[in-house]
Structure formats: structure tokens, C-alpha cells
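Colleague: The structure is given below, and queries will be raised subsequently.
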Amino acid sequence: MHLNVNKFSRAVSRHFDSYFKPFKLATSYVELLMVIEEEGEASQKVIAEELDLAPSTITRFIDKLDKRGFINKARSGKTMVISIDPKKSEQVRELKEIYYSAEKDLQNILSEKYTQTTNKLLQFGVDQIRSDEIK
């Protein structure tokens, strides 16, 4: 099962990543930008929780996006708050549209029913594994 889940995950990742190749960004960076845009601003902790990634990974992503001018970082007490740089907000919206286009294209490849069912099953699986880890 693990092998097939990983194969599927890599195939889906390749599909999405191909849409962002011209921007030299992996899909995970775009998803991070989408979280920030949706929140208006977000702490690294919130981003890490939302994307289910290690804080060190989020730090690396933020550093890259900061160097590329996509985000602004500001301290709020002990918390680092991240926001979209206004000069890049239009490009972030474009990346978000491309993301949804990649999602729709994948849905067309696999069928809407398959993608909806798979998404629900995967989320159920994640929830079950997490609840078992807590015990």
C-alpha cells in the first residue's frame, strides 16, 4: 500500500509541478503563498500546521520566497508574521489560478468522482492515523 500511495503522490506532484515550472517554483511554495493570501498574514506556526510540514521546512520555503520578493516578514513580539508583498499580489493570484487549473485538469484526467472520492478517503486516512498517533 505504501508503495502505491507514494507512486500516486509523486505522479500528482509531477502533474502540479509542471504547471509552475515557468515560475521556477514547486507546488509546495505556491500552496504556502495561498495559505498566506487566504489568512492575510500568518505566523510560521500556522503555515506549518496548515501545510502539515516541519517548521524548519517552512523556514526554508519562507527564506526562498523572501529572496524572490513574494513575501514580507515582520516581528510581532516573539512571532514572525508573514504576508504577501503587495508588489507580488497579482502574481500570487495568477499562481493561485494556475493551481486551480492544474487541479481541474487532474480532475478531468481522473474523473471528478474519482478525485472527490480519493480526496475524502485520503483525508479520512490522515485523520485516522493522527488519532491513532495521539493514543
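Colleague: What's the number of the condition Thr118 fails, among (1) modelled with pLDDT of 95 or more; (2) assigned to a helix (DSSP H, G or I); (3) more than 15 Å from the chain's Cα centre (by Cα)?
Modeller: Failing condition for Thr118: (1).
Colleague: Against the condition touching a residue at least 24 places away in the same chain (Cβ under 8 Å), surrounded by 13 or more Cβ atoms within 10 Å (Cβ to Cβ) and out of contact with any strand residue (DSSP E or B) (no Cβ under 6 Å at 6 or more places or on another chain), how does Val46 come out, does it pass? Reasoning before the result, please.
Modeller: Working: touching a residue at least 24 places away in the same chain (Cβ under 8 Å): no; surrounded by 13 or more Cβ atoms within 10 Å (Cβ to Cβ): yes; out of contact with any strand residue (DSSP E or B) (no Cβ under 6 Å at 6 or more places or on another chain): yes.
Against the criterion (touching a residue at least 24 places away in the same chain (Cβ under 8 Å), surrounded by 13 or more Cβ atoms within 10 Å (Cβ to Cβ) and out of contact with any strand residue (DSSP E or B) (no Cβ under 6 Å at 6 or more places or on another chain)), Val46 does not qualify.
Colleague: List the helices (runs of 4 or more DSSP H) that sit entirely inside region 27-105 and contain at least 2 residues that are over 20 Å from Phe16 (Cβ atoms). Break it down into steps so the answer makes sense when it comes.
Modeller: Details: elements: 27-39, 44-51, 55-67.
Because the criterion is at least 2 residues that are over 20 Å from Phe16 (Cβ atoms), the helices (runs of 4 or more DSSP H) in region 27-105 that meet it are 44-51, 55-67.
Colleague: Every residue in region 75-102 that is loosely packed, with under 15 Cβ neighbours inside 10 Å and acidic (Asp, Glu), please.
Modeller: Correct list: Glu90, Glu94, Glu97.
Colleague: Please tell me if Leu106 is surrounded by 14 or more Cβ atoms within 10 Å (Cβ to Cβ), at pLDDT 95 or above and over 15 Å from the mean Cα position of the chain (by Cα).
Modeller: Yes, satisfied.
The values are calculated or read from the model by the stated rules, or taken from the named source; none is laboratory data. Predicted, not measured: the structure shown is a model, and the values here were computed from it. All Cβ positions, glycine included, derive from the backbone under ideal geometry; neighbour counts span all protein chains shown.
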